[in-house]
Amino acid sequence: MGDDIKAGPAPSDLPPAPGTPPADSAPHEAPSGLPLNPRERQELEEIPVAALLERVQRLRGQGYRLVHIACTRLVADQEVSYCFDRDGQSLESPDAAALHGMLTLRVRLPMLNPELPSISPFYWGAFLYENEMHDLFGISVKGMALDFQGHLYTTMVPTPYVTKTADHEE
Amino acid sequence: MGTRTVIPFGPQHPALPEPIHLDLVLEDERVVEAIPKIGFVHRGFEKLVEKMDFNELVYVADRICGICAFIHSMAYCQAVEAVMNVEVPPRAVFLRTVWSELARLQSHLLWLGFMADVMGFESLFMQSFRLREKIVDILEEMTGGRIILGVCRVGGVRRDVANDTLAGIVGRVKDLAKDMRRLADVFLQDDSVKHRMVGVGVLTREQAADLGCVGPVMRASGISRDTRTLGYAGYGFVDFSPVVETAGDSYARCAVRIRELFQSVGLIEQAAGKVPAGEVSVKVSGYPDGEYHSRCEQPRGEVIHYVKGDGTRYLQRYRVRTPTFANIPALVKMLQGCELADVPILVLTIDPCISCTER
């Protein structure tokens, strides 16, 4: 499995924050056994675009759920994060109930003419995310279950999330 | 096979005053295909990361939705707090839990009102809204805001609530539960209501899982999944298990929301009883450097607030995946095979929030 997403140590490892009441005034007991306001374990796996479909198909076979897909514009390129979880089960041990976690598959794409294969053969509902990627980030997604041909969103400028506002006339 | 006709449904239509469009392909009166169209009023809130720093974005998150505003701001704050290793004081954590459940109450009562209105049951609509108004009044007394509460901040909450005020609010909410019982009896037992909902728009457990449904839509199909089981905020410290129905039809989706009303009353009582003494916020210094997917259970289901910071005051990315966005594929499947007259009911049973979806 890949790296943990950088989100700091678990709350139990942290020193008490300023203003936090002492531990003996902690609010009773947790029936769930969880700490107060816990943070989820989130793992990151960077993969090449060529490996995306095979990896997604395997996750589908293992019972993972597609949580969401997010694109991020970086300085010279952009990244697409496919986030999955397995309901109520940890990522490593399917028997450990109630220990949730999220697995992110990440691919990097060039800023110019980015292309991705659709994962809708495995997750039909992905077509909305993929049309969004196309309309807001200019990513061409091949083989979508439902292709809106660039008309899912009505935007003033094409692919508005690829170009920073400062680059536009305001 | 009858003649096929395409009927445009929306973006202006009687089911709800928000713009969603469906191209309905009909054979006689039966829908054989539905093609959704959103994006009429996409606001591009996420792009505001280029202009507003991570603290200012709390106000943006609070304004994503005009119904479930508070949980958006809480989910955003939790994401930034996770990235910045901020420990929120326990008092603020439990106040957030109380406000989340009050927000769920007013949202579910709003949905019940809309559903009664779509069925033409106007007195039921008015009773639902009468009860919702009392919840909104309570929120106003606690926070100064009725829907957009503006109380969350990175590091805690902006307002404290006196313990005796909290106790009084618990009493008032429990009193309201008696009125909700009468409302629930009509929704669950009245023949005209059942006639419109029982067996309409069935989504099987397998379909709900395949389509990535969230919230009451998914739980009505027998899947016991609720983001609150993650234990975020104070949910790990209260007795909680998801409300589940198994029929998968419109009636089951209604029943889940109704049972969640009473569950929320219980959660408010539990959380308010656990609010400890102490501060309600901590000072936050530095800038976010890292990323986190924060998820919370909105009245409509799981919402994701993803933030990615690069150590500057402006986030590199802020992305919101709303529950309605995740439930639209299920709506498309649900509509296939239904009667034209049932389309408004089915659109409403996913409790669509286009305002959220057009963030």
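Since every read-out is calculated from the coordinates, none of them should be taken as a lab result. Note that the coordinates shown come from a computational prediction; the quantities given were computed from them, not determined experimentally. With ideal geometry, Cβ positions are generated from the backbone for all residues, glycine too; neighbour counts draw on all protein chains shown.
Using the Karplus curve 6.51 cos²θ - 1.76 cosθ + 1.60 with θ = phi - 60°, what ³J(HN,Hα) values do you get for each residue of the range B:304-309, in whole Hz, with x for Gly and Pro?
Here the 3J(HN,Hα) series is 10, 10, 9, 10, 9, x Hz.
Please identify, among B:Leu203, B:Leu230, B:Leu110, the residue showing maximal mean-square fluctuation in a Gaussian network model of chain B using a 10 angstrom Cα cutoff.
B:Leu230
With the cut-off at 21 Å, tell me which of the pairs A:Lys142/B:Lys308; B:Lys37/B:Lys333; B:Lys134/B:Lys174; B:Lys51/B:Lys283; B:Lys51/B:Lys308 have Cα atoms farther apart than that. Mind showing how you got there, number by number?
Working: A:Lys142/B:Lys308 27 Å; B:Lys37/B:Lys333 15 Å; B:Lys134/B:Lys174 12 Å; B:Lys51/B:Lys283 23 Å; B:Lys51/B:Lys308 15 Å.
Cα-Cα > 21 Å for A:Lys142/B:Lys308; B:Lys51/B:Lys283; rest within.
To the nearest 20 debye, what charge dipole does the protein assembly as shown have about its Cα centre, counting +1 at the Cβ of each Lys and Arg and -1 at the Cβ of each Asp and Glu?
On the way: 55 positive and 69 negative charges, 93 e Å.
The dipole of the protein assembly as shown has a size of about 440 debye.
Name the residues whose placed amide hydrogens come within less than 5 Å of the amide hydrogen of A:Cys71, ignoring near sequence neighbours (fewer than 5 apart) on the same chain.
A:Ser81
Take A:Tyr123, B:Tyr59 and order them by how many other Cβ atoms sit within 10 Å, fewest up front.
Working: A:Tyr123 25, B:Tyr59 15.
Fewest to most other Cβ atoms nearby, the residues stand as B:Tyr59, A:Tyr123.
Which residue fluctuates most in the GNM of chain B (Cα springs below 10 Å): B:Pro17, B:Pro329, B:Pro276?
Fluctuation is largest for B:Pro17.
How many angstrom lie between the Cα centre of the range B:1-55 and the Cα centre of the range B:257-321?
When both Cα centres are located, 29 Å separates them.
In whole Hz, what ³J(HN,Hα) sequence does the range A:69-77 give by Karplus (6.51, -1.76, 1.60; θ = phi - 60°), x for Gly and Pro?
Calculated HN-Hα couplings, in order: 10, 10, 9, 9, 7, 9, 6, 10, 8 Hz.
Put +1 on the Cβ of each Lys and Arg and -1 on the Cβ of each Asp and Glu in the protein assembly as shown; which of B:Met180, B:Gly248, B:Gly155 then has its Cα farthest toward the positive end of the dipole?
Towards the positive end, the residue furthest out is B:Met180.
Can you list which of the DSSP-assigned H helices in chain B have a Cα extent of 27 Å or more along the long axis and an average Kyte-Doolittle score of at least -0.5? Let's see the in-between values first.
Values: long enough: B:90-118 (42 Å, 0.52); B:122-143 (31 Å, -0.10); B:163-189 (38 Å, -0.05); B:250-273 (35 Å, 0.26).
Helices passing the filter in chain B: B:90-118, B:122-143, B:163-189, B:250-273.
Please give me the summed charge of the neighbours of B:Ser73: other residues whose Cβ is under 11 Å from its Cβ, Lys and Arg +1, Asp and Glu -1. Mind dumping the intermediate values first?
Working: positive: B:Arg63, B:Arg96, B:Arg153, B:Arg158; negative: B:Asp62.
Its environment carries a net charge of +3.
Give me the extension gain from B:Thr204 to B:Thr165: residue separation times 0.36 nm, minus the current Cα-Cα distance, reported in nm with one decimal.
Details: separation 39, 0.36 × 39 = 14.04 nm, distance 4.42 nm.
Contour length minus Cα-Cα distance gives 9.6 nm.
What is the set of long-range amide H partners of B:Arg153 at a cut-off below 5 Å, with H atoms built 1.01 Å from backbone N?
Hits under the 5 Å cutoff: B:Arg158.
Full-extension gain between B:Val41 and B:Asp179, please, as 0.36 nm times their residue separation minus the C-alpha to C-alpha distance. Let's see the in-between values first.
Details: separation 138, 0.36 × 138 = 49.68 nm, distance 3.71 nm.
Between B:Val41 and B:Asp179, full extension yields 46.0 nm more.
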